[in-house]
Every structure is written in structure tokens, then in C-alpha cells.
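Enquirer: First the structure, which I've put down as C-alpha cells, then a few questions once you've had a look.
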Amino acid sequence: MEHDRKQTRAWVLHPDIKSDRDRRNAVTALEEGVALAAALPDLEVVGAKVVGLPKAHPGMLFGSGKIEELKTLFKAEEVELVLIDGPVSPVQQRNLEKAWKVKILDRTGLILEIFSDRARTREGVLQVEMAALSYQRTRLVRAWTHLERQRGGLGFVGGPGETQIEADRRAIDEQLVRLRRQLDKVVKTRTLHRAARAKIPYPIVALVGYTNAGKSTLFNRLTGADVMAKDMLFATLDPTMRRVELPDGPEVILSDTVGFISDLPTELVASFRATLEEVLAADVILHVRDISHSDTENQAEDVEQILNSLGVDEDRALIEVWNKIDQLSEEEADACRQRAERSEELYAISAITGEGLPELLNNIALKLQGVRHHEVLHLDFSQGKQRAWLFKQDVVQEEEQTDTGFEISVRWTDKQKAQYAAL
């Protein structure tokens, strides 16, 4: 980060609303809110606080006493931006900004900021723009006060600024249509790339997991690639793919995906579907968990829900990888290792020290034995029966006639290879 760039002094609030039945653990939620804020280089988080509320106040979110108390605090701490880790309605946002004289960003707004800061591919950038516009569209009510001053006019039509808001909405809608067209083009190109990749004789192994679970560190460890693997949320936004050779097994393509997060803004769930479509093409999914995190169980549930909503089927090979055992006490780490030893679908590892990785890679290779691999066969003209069998099995990729017979490129499983040998 450049030091001459002035950082914005920010404070993180997590409203712990007692009437909300699905509310998360306030302490871990606040920690995650602070980690989200830390993911933006221009912010300096000067403080954080859980605010307990019996229920959300419709106009202001907080009660008047709490608003006064926080106003004094923010003034003393010279806070310029308050991040509220939760949903804030446009009206609440406007009222709080007025009361505290600071800029307010809710959880959705903050995640959008991070996504736009991190998106690297053309597709990622377009998706973030679309998500941000959909979000802004719901916030247009905030424009009224300054539009009153701006517009002059007689204000006959339904109150100040209303026509301006309609115009703004229309402009946003037109922009969304334009972006959607561009995105469709990008997605089409990508589908073509994926179709081309389907012809590559490598199975795909996708890393998924809650944000900050250590996927990128594991990816780098296995591939020797230098993917941004910082200890911050959403360090990776665009899927990154590398080829990896498994010991005594096939070569695979390893795909590192965006980190999942609970309460992901709805605008983003839709727009990042395509980024996660890599997972649907995967032969094996590795669900990487930060087993040292206090909220690891809930994080795992969030990931499973997203995988289900993406349509990942039950019979897809899925291995659970308990990462960061180097951050546990020796006792806890041993308990994890013992659990893992009793299950073939579970591995306790450390992406930092490399512990447990050879066993994990061996298991991936085993899982992939049912997966197709590539081979070139030379058949004589007399082997018509074998040639017909190959075509019937639909394993032929291409065929070339030579002086002595046929050179046939096939993609098949070990089982098919054995059946062919027995012909």
C-alpha cells in the first residue's frame, strides 16, 4: 500500500438484534466484519463494537439514546466512515448519516467495495459492476435532498426529485442491460473455453471453502503458483487454474475459487454464479475448512448450502479438508488427525507446513480412477471389431488413417481400457 495515500478512519458496528431468530454469534460476526473492513486497503479500522438491540428501529436502526452515545464516540475518535455489519435500509442510512455526520456503509455495500477492488478478469469486473448497480438502484431515495436543491423547477410532479429518481432508475436499468449483454458475450467465450478444456484429458479438482479458509495457500503449495494468498477475506475472486501432477496418478487441473461467506448479498449471489460454475465442471471437490476457527461448523454449513444452491449433485466426489491444524493445540490437532484416519472423505492438513498433503493427493488420485484419461491407439486394418467397439463406447476423440491402419485418440476410463484389452 502507498503510504502517502490517506486512509479513511472507520468504525465497525455489529447490531446484535435479539428479535432475529437466525442471528449469528455476535463476537465472531464482529470479528468477520472487522476482517472484511481490513480487506480494503484504504480503510483504517480504529474501533469495533457489538450493539445489542431488542429489535431494529425502522427509521434509525438504533434507539435515540444509543445514537447520541455513538455520535459522541465517533466525534472523539474522528471517525469518517461507519461500517454496519448487517442490512441497513436506504432510509436508515440517510438518517444515520445525518445524525452522525459520517458516511455509512452496510455489509452489502462493503462486500461490493471489496469485490470491485479484487475483481481481475473481464467477467469478474462486469459482474461486480452489475451487482453494484442493482444495489444502487435500491438506494436512490438518498438522492432526494440534494436533487431538491439541484433541480429548481416547480415540483408539480409528485414531490421533489421524483422525476429525477425515475430518470436515474432508467439510466441504471439501461446500463444494466448493456452490461448484461457484455457479460453474456464473455460467458459465451468462457463456455467455449470450457468446452475446449473438456477435450483436455485432465480431470478438474476444485477448491471451495469459506473465505480465508486457506484455499489459496493450499493451491500455491500444490502448484507452486503465486496466487494472492493474504490473510484477508476474498483474497481470490476469479477462478485460477493450474496443472498439477498427482503422485502415481493422472495430471489434473486445480481450480481455486472465490471464498464463500454467510449472508452474501443477493445481488452478488446471482452475479458470482458464473465464477463458481467451475465447481460444477469439477470431477472432485475439495471443501477446505479452517478447522482452527471458532465458527468452523457454521462456516461449513454455509458452504454446503451454497454448493446445494449451485446444483452440485450428491454423488459428486467431495473430500473435506481440515486445514490449519498447525494453529491448534497438540491435543486438538491429534483429535483431528484421529477423526481423519477413521474416514476416507476427511483429511487433516496444514497448507503451511505441508502435513497431510501426500495422503490427500493419493486419495484424489484414487477418486479419479473412474475418471477418463487420454491415450493414442494404433489399430491394424484387420482390427475392425475393436475399432467398432471404441466408436460404440463413444470414447474416440479423433481418428487418422495411416498406411498400416488407424491411429485413434481415445478418452476412456481404466474400466473401459480393461474391457478393450479383453476383446
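The values are calculated or read from the model by the stated rules, or taken from the named source; none is laboratory data. Being a predicted model, the structure only gives us computed values, none of them experimental. Cβ coordinates were reconstructed from backbone atoms using ideal geometry, including for glycine residues, and neighbour counts include every protein chain displayed.
Enquirer: Could you check how many residues of the stretch 319-374 are closer than 16 Å to Leu254 by Cα and among the polar types (S, T, N, Q)?
Expert: 2
Enquirer: Go through the stretch 266-288 and give me each residue that's over 10 Å from the mean Cα position of the chain (by Cα), at pLDDT below 70 and surrounded by 21 or more Cβ atoms within 10 Å (Cβ to Cβ).
Expert: Glu267, Ser271, Glu278
Enquirer: Please verify whether the stretch 58-66 includes one or more residues that are touching a helix residue (DSSP H, G or I) at 6+ places or on another chain (Cβ under 8 Å), part of a helix (DSSP H, G or I) and either loosely packed, with under 14 Cβ neighbours inside 10 Å or not small (Gly, Ala, Ser) (or both).
Expert: Within the stretch 58-66, not a single residue is touching a helix residue (DSSP H, G or I) at 6+ places or on another chain (Cβ under 8 Å), part of a helix (DSSP H, G or I) and either loosely packed, with under 14 Cβ neighbours inside 10 Å or not small (Gly, Ala, Ser) (or both).
Enquirer: May I ask you to verify whether Ala29 is outside any helix (DSSP H, G or I), of a type in the set (Gly, Ala, Ser) and closer than 30 Å to Ser292 by Cα?
Expert: Values: outside any helix (DSSP H, G or I): no; of a type in the set (Gly, Ala, Ser): yes; closer than 30 Å to Ser292 by Cα: yes.
Here the answer is no, as Ala29 does not meet what is asked.
Enquirer: Looking at this structure, is Leu361 under 30 Å from Arg411 (Cβ atoms) and more than 27 Å from the chain's Cα centre (by Cα)?
Expert: no
Enquirer: Identify the single condition in (1) in contact (Cβ under 8 Å) with a residue 60 or more places away in the chain; (2) out of contact with any Lys or Arg (no Cβ under 6 Å at 6 or more places or on another chain); (3) surrounded by 15 or more Cβ atoms within 10 Å (Cβ to Cβ); (4) not hydroxyl-bearing (Ser, Thr, Tyr) that Asp85 does not satisfy, given that it satisfies every other one.
Expert: (2)
Enquirer: Only one of Ser382, Ser343, Ser350, Ser294 is assigned to a loop (DSSP other than H, G, I, E, B) and closer than 24 Å to Gln416 by Cα; which?
Expert: It is Ser382.
Enquirer: Let me ask you something else. Farther than 20 Å from Arg24 by Cβ, surrounded by 19 or more Cβ atoms within 10 Å (Cβ to Cβ) and without any contact (Cβ under 8 Å) to a residue 40 or more places away in the chain: is that true of Leu96 in this structure?
Expert: yes
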